[in-house]
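Below is one structure, written out as structure tokens; the observations come after it.
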Amino acid sequence: MSIVEKAISKRRAQAAAGAPSQSAVRMPQPEIPVPESESLTAGAASQMPDGTGGPKAQIEVDIARLRSIEAIAPEYADARITDEFRRIKWPLLRPLLALEPSDGFGSGREIMVTSSVPEEGKTFVTLNLALSIAHEKDCTVLLVDADVAKPKLTRTFEAQDRRGLTDLLVDKSLDLYDVILKTSIEGLWFLPAGYSNPLAPELLASHRLKDIMQQIAARDPRRVILFDSPPLLATNEAQALGQHIRNVLMVIRAESTAPALVAEALAALGEGKQVSCILNRAPRNLSNSYYGSYYNYGQNNKT
Amino acid sequence: MGKQIVELLDQLRGLWRFHWHAVATAWIIAIMGFSIVYLMPDSYQAKAKVYVDTESVLRPLLQGIAVQRDVTTQMNMMSSMLLSRPTLERVIHETGLDVRAQNIRDQEKLIEDLKTKIDLESSGHSNTFTITYKDKDPELARNVVQTLLDVFMEDTVGIKRTDAGMASKFLQEQIKEYEKRLVEAEDRLAEFKKRNVGLMPGQSGDYYTRLQNLITSVENLRSRYNVLDGRRAEIRKQLSGEAPTFGGEKGMPSPIDEQLVQSRARLDQLLVQYTDKHPEVVALREQIARLEKDKAEGRNKPSGPVVMTTTTSDGRTVPMVNVNPVYQNLRLTLSQTDAEMAEVRTQMNDQERQIAELRSKVNTIPDVEAQLAQLNRDYEVNKTQHAARLQRLESARISGEADESADQTKFKVVEPPVKPKLPVGPKRPLMLAAVLAVALGGACGVAFLLDQLRPCFTSTEALKKAINLPVLGSVSDVRYGAPLRWWRKSAPMVMWSMGLLVCVFVASVIAVQRLSPAVRALLGLGVA
């Protein structure tokens with residue numbers, strides 16, 4: 001069982017028992033009011049800092065199902081992947097959370113996850129990173145599926161029919177929390193891609209997105225927005241998105257992508273970005289194997 | 001060091017992407033290569049050894065007399081001559097190789113092949129020369145070597161003979177030329193002599209001596225002429241002034257008188273030419289003395305008048321009443337004197353003319369002498385040259401004969417070429433191993449090439465090196481589903497595949513050794 005699953009089951013038990021939380025995984029006192037509703041069913045509104053309430057709808061996220069559709073790591077590798085994502089997220093988050101909201105680039109809390117060519121594993125990385133950040137004590141995460149043409153994340157969450165990003169961008173009258181979804185995983189919100197629109201790049205490049213981002217930041221200062229964007233060299237949407245976002249996480253697939261393509265993609269991004277890279281699907285080498293086995297050893301002891 | 005190993009491993013991981021390409025390449029090359037090696041025809045080698053005897057007995061004898069031929073250079077010349085076009089054409093014709101060629105281009109190619117395939121080795125020390133040739137037909141190999149051997153022996157003798165022949169031809173030409181010159185010189189000399197016949201120094205002494213002799217001779221002739229002239233006048237006087245009759249005391253001259261007059265006249269004549277010591281003069285003086293003595297002793301009796309007719313010079317017939325023997329004698333003497341005078345005059349004129357001529361040539365005679373000297377010298381020179389060349393021709397002929405007769409460079413065939421029974425090649429196991437090496441090498445090469453064409457990142461280290469951006473880490477590649485069976489895993493499969501390849505190689509080696517003739521017979525290739 002994964003940590004997430006354990007946490008969920010404990011909460012369930014607590015909720016059922018009505019006892020104060022006494023779990024091995026301690027939940028620290030949040031600085032911000034944590035949404036009270038822990039229920040797995042949709043419906044309950046939550047209290048947001050600005051008092052507006054938060055997302056109205058909620059979707060269920062079944063880890064087992066995610067595992068079965070290969071959206072997250074299989075059980076035997078779970079510990080390893082989790083550790084790897086921890087190593088990735090902390091350097092990423094530190095500068096993010098230290099920044100003041102108004103920085104010229106949206107709100108400064110956004111991270112765009114992209115790659116040079118398709119099939120490099122962006123979606124996998126974005127999802128797992130989001131799950132990892134969701135466990136952070138000091139912040140929460142909004143996962144946005146910005147790949148309008150191929151909304152893989154939306155499909156993973158089975159939210160194809162719901163309104164999404166494009167709707168928000170087109171219809172200015174829509175309220176954020178009408179479209180953003182809460183998930184059964186604490187700390188994780190999800191914004192689907194929305195209906196497919198041929199003018200998606202223009203929509204993404206428009207000021208409306210910036211406004212949205214600033215709104216979110218204003219309503220929820222501790223929320224990190226993670227954008228799953230299309231590949232840089234495949235479409236212009238990533239470039240369009242990049243107009244507003246300063247932090248870029250470049251996903252590079254090991255033993256596959258040519259360095260020349262990566263260079264081209266980076267050039268397409270433009271100036272003034274904080275770009276970091278990660279190597280996805282890296283082969284088992286010396287550092288990997290040592291690292292993985294230690295935690296596996298630890299796990300075995302616990303169970 | 002560790003870092004380099006890590007880098008190397010990263011690189012190998014990059015190559016590993018194409019492991020199936022590599023395996024396929026290895027198998028393809030191996031199969032093709034093994035087949036080729038297997039199907040190659042056997043090659044047979046025919047070899048002949050020739051011993052060249054340069055330690056000849058004749059060499060010290062002929063040193064300095066005849067022209068020597070250096071055998072080593074001869075050998076080098078030989079090997080380049082042996083592989084020359086005409087020789088090879090002869091070989092392919094005589095061995096029947098030319099049936100393999102259908103057109104001119106094929107024939108050219110055949111000759112080129114032959115040139116490279118014929119192997120000539122000479123080991124300098126033992127003076128052995130080896131000719132080898134490999135072919136898939138053993139009979140043909142032997143024929144080629146045999147033909148080459150024959151050509152070799154023929155031509156080495158031929159070289160010498162041609163050389164000597166050429167030398168002698170040259171000499172003969174030279175000799176002819178000099179003969180011609182000699183003849184010309186002789187002709188010139190002869191002609192010169194003919195042209196200047198009177199002026200040749202040898203004929204009558206020096207020029208001046210000749211001149212002097214002529215002058216003296218002319219003087220003598222002149223004096224004689226004068227004497228004759230005087231006598232003639234005298235006789236005329238006697239003839240004309242005198243009465244035809246001689247009588248009286250004087251009357252008809254007596255025989256003694258007549259004889260006396262005759263003798264005296266004769267004496268005078270002689271004295272012009274000869275000295276007193278001349279026998280004739282002496283005899284005549286004695287006769288005169290006797291006659292005078294007789295006359296003094298009065299034995300002189302005149303004879304009676306005789307009347308005879310005689311024809312005078314102008315045709316009149318006069319009675320020779322007045323003719324007496326003395327008169328006749330006188331007249332005879334007169335005509336004799338006339339004749340003599342004419343003779344002397346002619347001689348004189350002739351000699352005077354000669355003198356004039358000589359005098360006129362006073363300038364040219366020395367020139368002529370000089371020219372003559374030069375012509376003589378030319379002639380001498382030509383003669384010596386001619387003689388020298390004759391000498392050399394003689395010498396060359398001796399050397400040629402010596403070569404031929406003694407056969408200075410001896411050739412002995414140590415090992416004649418035989419039809420080889422067992423093939424000498426190709427070395428199949430070796431070639432099979434080479435094919436295997438090439439296959440493996442090719443496999444690695446293909447992998448390497450593809451890696452170069454399609455580069456990638458294999459580790460965060462590589463990424464960090466290549467990109468100037470922070471690399472936050474890596475996400476492991478995880479495999480979903482149950483763990484793979486061993487036959488599905490790449491690495492073991494590749495190893496098994498290679499192992500199989502090696503087994504095939506070993507099997508091929510064994511097969512090549514044992515089954516080769518049978519299989520080849522089955523496939524209808526070549527001669528067993």
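Odds and ends about this structure:
- Segment A:110-163: C-alpha pair distances exceeding 16 Å, %: 44
- Per DSSP, loop GluC sites (Glu not before Pro) in segment A:138-203 with at most 15 further Cβ within 10 Å: A:E158
- Heavy atoms of A:H207: accessible area, 1.4 Å probe, square angstrom to 10: 130
- Sparsely packed loop sites in segment B:410-483 (the trypsin sites (Lys or Arg not before Pro) outside DSSP H, G, I, E and B with at most 16 other Cβ atoms within 10 Å) comprise B:K421, B:K427, B:R479.
- Three principal axis lengths of segment A:200-278 [C-alpha, angstrom, descending]: 42, 27, 20
- The alpha-carbon of B:K427 sits under 23 angstrom from the alpha-carbons of these lysines, leaving out residues fewer than 8 places away in its chain: B:K47, B:K115, B:K117, B:K134, B:K136, B:K419.
- Tail weight of P(r) past 24 Å, computed on alpha-carbon pairs of segment A:63-199, percent: 33
- Residues B:I398, A:I88 ordered from highest to lowest accessible area at a 1.4 Å probe: B:I398, A:I88.
- Rounded if a/c under 1.5, otherwise prolate or oblate - segment A:225-270, Cα gyration tensor axes: prolate
- FRET E, pair B:A373, B:E394, Förster distance 45 Å, beta-carbon r, rounded to 0.05: 0.90
- Partner aspartates and glutamates for B:K176 [C-alpha distance under 13 Å; skip if fewer than 8 residues away on the same chain]: B:E184
- Under the Debye formula (equal points on every Cα, no solvent term), log10 I(q)/I(0) of segment B:344-496 at q = 0.19 Å⁻¹: -1.29
- At the residue level, B:Y274 shows approximately 90 square angstrom of accessible surface with a 1.4 angstrom probe and all protein chains present.
The values are calculated or read from the model by the stated rules, or taken from the named source; none is laboratory data. Since this is a predicted model, take the numbers as computed values, not measurements. Ideal geometry is used to build each Cβ from the backbone, glycine not excepted, and the neighbour counts take in all protein chains shown. The accessibility values were calculated without ligands, DNA or RNA, using every heavy atom of the protein model including side chains. Shrake-Rupley method; radii C 1.70, N 1.55, O 1.52, S 1.80 Å.
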